[in-house]
Amino acid sequence: MRYTSDKPLGLLPASVRDYRELARKRLPRQLFDYVDGGAYEESTLKANVEDLGAIQLRQRVLCDVSTCSTEQTVLGTTLALPVILAPVGLAGMFAKRAEVQAAKAAQSRGITFCESTVSIAGIEEVAAATSQPFWFQLYVMRDRSYAEDLMARAQAVGTTTLVLTVDLPVVGARYRDTRNGMTTELSVLHKLRRGADLVSHPTWLREVAIGGKPHTFGNLEKAVPDANSPEEFKAWVDAQFDPSVTWQDLAWVREHWNGKILLKGILDAEDARQAVDHGVDGIVVSNHGGRQLDDTPSTIVALPAVADAVGGRAAVLMDGGIRSGLDVVKALALGAEAVLIGRAWAYAVAAAGQAGVEHVIDVLHEEMKVAMALTGACSVGELNPEVLREYPRL
């Protein structure tokens, strides 16, 4: 599908990078920095992208690549390409009911969407707008009743896969959010500056702030009935993360969840082995997009050792830094069965809604097909280290 829009975008987007620029222009600075930024000095955020870029593909010629397939089966579901739309917190602040638009885009392109605990559009709203099951991402909170209620609600609408995020016992410092007042009390001057920023984005004000009901916090509305702003909601959520969670709590999760369980936030091979020993169905190699602990390995650097530790006993997925179909090929070559993309779809939905997300998926798909053909691979099963020339190691 070729991207079309009746909205003046200033340029015809051709890549994830283009959508990032469009999102930067469309969103108030506070929101763009929230989705675009990372922890501390953002070293890991940069490494996620740069280490993928440092990998060289091994171009091969005179291979019969007339019939190639990007299909991949992940946890029993066949995807048109090995890409899942990752959970993105507060996505409905970037576009009107963004989670619904993203889920519909994923369904139209034959892939899977994952709903975040801290979404704006709730589980039931997303389910009502789509006809295929989606995944649900869960944070374990101090009051376990919230988590138990969310798991019950997700299962009630047909969700079969739970993505348990385990790298957030405490919240990493994101300096862009601090500078923009997402985590601190604003002075009068800063409030005036923020107001001027919002007024300078009239399309966002009209379509999202007014028309999108972005303060509904669908999945946690009953838990946070008095939150009147993203800042208040974020403060409540940040205070709810439970630093006492251990491996033993997986038994509690299993007690309340009948489907498949993935652990998201694994970077260490020993943690990967423990996850498999505790019976999870899969893991997501992730550093939270560089938004938690800075100066950790990029996910593509951590991936091979984690995949070796798992040894085929569970599904291995990866997120962090994926900006192209070439990146998808590299991740699969180093041991992932599929990748999750977060910022890529968040930029696209902010820029152009569902059509933008569909276009980003199409772009990744086409880039992946070209990369596979020019490395001589006709299926994702043929993607292994042999299609690479060089890649970073720990």
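Only the coordinates and a few stated rules stand behind these numbers; no lab work does. As the structure is a prediction and not an experimental result, all values here were calculated from the model. Here the Cβ is made from the backbone with ideal geometry for all residues, glycine too, and neighbour counts use every protein chain on show.
Here the Karplus curve 6.51 cos²θ - 1.76 cosθ + 1.60, taken at θ = phi - 60°, turns the phi angles of the range 97-110 into couplings of 6, 4, 4, 5, 4, 5, 5, 5, 5, 4, 4, 5, 10, x Hz, with x standing for Gly and Pro. A helix-only calculation puts the chain at -12500 deg cm²/dmol for mean residue ellipticity at 222 nm, using -39500 (n - 2.57) for each DSSP H run of at least four residues, averaged over all residues. Scanning residues 5 or more positions from MET141 or on other chains, those with amide H under 5 Å from its amide H are ALA147, with H placed 1.01 Å from N in the peptide plane.
Net charge in the neighbourhood of GLY38 (other residues with Cβ under 12 Å of its Cβ; Lys, Arg +1, Asp, Glu -1) is -2.
Here, the chain has an Rg and a Dmax of 20.1, 66 Å when only alpha carbons are counted. Amide H to amide H under 5 Å from ALA315: which residues, 5+ apart in sequence or cross-chain, H placed 1.01 Å off N in plane? Those lying under 5 Å, H to H, from ALA315 are GLY282, ILE283. Ranked by how many other Cβ atoms sit within 10 Å of their own Cβ, fewest first, the residues LEU383, LEU12, LEU90, LEU85 fall in the order LEU12, LEU90, LEU383, LEU85.
Annotation: peptides 138-150, 194-206, ranked by per-residue average of other Cβ atoms within 10 Å with the highest first, follow the order 138-150, 194-206.
Panel order for LYS96, LYS46, by other beta carbons found within 10 Å of each beta carbon, from fewest to most: LYS46, LYS96. Above 22 Å, the calculated P(r) of the range 275-358 contains 32 percent of its Cα-Cα pairs. Backbone amide hydrogens, once placed in the peptide plane, bring SER119 within less than 5 Å of LEU90, ASN219, excluding anything fewer than 5 places away on its chain. Working ranking of peptides 238-248, 20-30 by packing, defined as the average number of other Cβ atoms within 10 Å per residue, highest first, is 20-30, 238-248. Highest GNM mean-square fluctuation among ALA315, ALA102, ALA235, for the chain modelled with Cα contacts below 10 Å: ALA235.
The ranking of ILE361, ILE120 by Cβ neighbour count inside 10 Å, starting from the fewest, reads ILE361, ILE120. Dipole magnitude for the chain: about 1120 debye, using +1 per Lys or Arg Cβ and -1 per Asp or Glu Cβ, origin at the Cα centre.
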